[in-house]
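In what follows, a single structure is set out as structure tokens and then discussed.
Since every read-out is calculated from the coordinates, none of them should be taken as a lab result. Note that the structure is a prediction, hence the values are computed from the model and not measured. Because the Cβ atoms are built from the backbone with ideal geometry, glycine has one as well, and the counts that use them run over all protein chains shown.
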Amino acid sequence: MARDLLCAHRVDRGLRRKRGRRQHSRQGASVRGRGKRGAFSQAIGRSRGGRTTKIHALTDAKGRPIALTLTPGNAHDLDGAFDLLAIVPTPRRLIADRAYDARRLRDWLGERGAEAVIPPNPTRKHPHAYDAKAYKSRNLIERMFCRLKDFRRIDTRYDKLARNFLSGVLIAAATVWWCN
């Protein structure tokens, strides 16, 4: 009887070799319910510069970070904007660069009584007016990002998982908040 089991095992190994040396005949991700895997779910996107991640931030009037989120580098900036604005109270004024110039964001802010200080995209046929004097204070956000990038771990992303990278960004942001 033991001899029959050994022979059956040899036959099974021979069949496996003919299938192409795969352990399982089915291709694809695991069916254990872990969800979709891959670089995009870890906030890593492909662009001309390589693999990148965008950090989206909201700051207060002093340039201290209030809320942070990550998106893949090839995702549109509005995705990160709506994620951030969903977790904080509606600001009185939102100062952003041209990448956030969209009617959808302006309408969303207008419904909530917030002023959108966003310069128009140069390709717009009918550019809208904005407060150029208030827009000059956007340098506070740029300086906050410069202070975040002083941390090597933030400047060059070494972490594979988005949650680990975001935790490093949050630690750096807490340090920036404390030092500012």
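Worth pointing out:
- Residues located in segment 94-110, provided they are touching a residue at least 12 places away in the same chain (Cβ under 8 Å) and acidic (D, E): D97, D101
- Filtered residues of segment 165-180 (kept if part of a helix (DSSP H, G or I) and either of a type in the set (A, V, I, L, M) or more than 15 Å from the chain's Cα centre (by Cα) (or both)): L166, V169, L170, I171, A172, A173, A174, T175, V176, W177, W178, C179
- Pick from segment 116-145, criterion surrounded by fewer than 11 Cβ atoms within 10 Å (Cβ to Cβ) and either of a type in the set (A, V, I, L, M) or touching an Asp or Glu at 6+ places or on another chain (Cβ under 7 Å) (or both), ranking: farthest from A172 (Cα to Cα): A129
- Any hit, segment 116-128, residues being farther than 19 Å from N180 by Cβ, assigned to a loop (DSSP other than H, G, I, E, B), touching a strand residue (DSSP E or B) at 6+ places or on another chain (Cβ under 7 Å) and not polar (S, T, N, Q): no
- Complete set of residues in segment 140-164 that are assigned to a helix (DSSP H, G or I) and either over 15 Å from P65 (Cβ atoms) or among the charged types (D, E, K, R) (or both): E142, R143, R147, R152, R153, D155, A162, R163, N164
- Complete set of residues in segment 79-115 that are surrounded by 15 or more Cβ atoms within 10 Å (Cβ to Cβ) and in a helix (DSSP H, G or I): G80, A81, L84, L85, Y100, L105, R106, W108, L109
- Filtered by the rule that a residue be surrounded by 14 or more Cβ atoms within 10 Å (Cβ to Cβ) and under 14 Å from T52 (Cβ atoms), segment 146-159 gives I154, R157, D159.
- Neighbours by Cβ (under 6 Å, 6+ apart or cross-chain): first from segment 160-172, under 13 Å from I55 (Cβ atoms) and touching a residue at least 12 places away in the same chain (Cβ under 8 Å); second in a loop (DSSP other than H, G, I, E, B) and of a type outside the set (D, E): A162/A43; F165/R157; A172/F151
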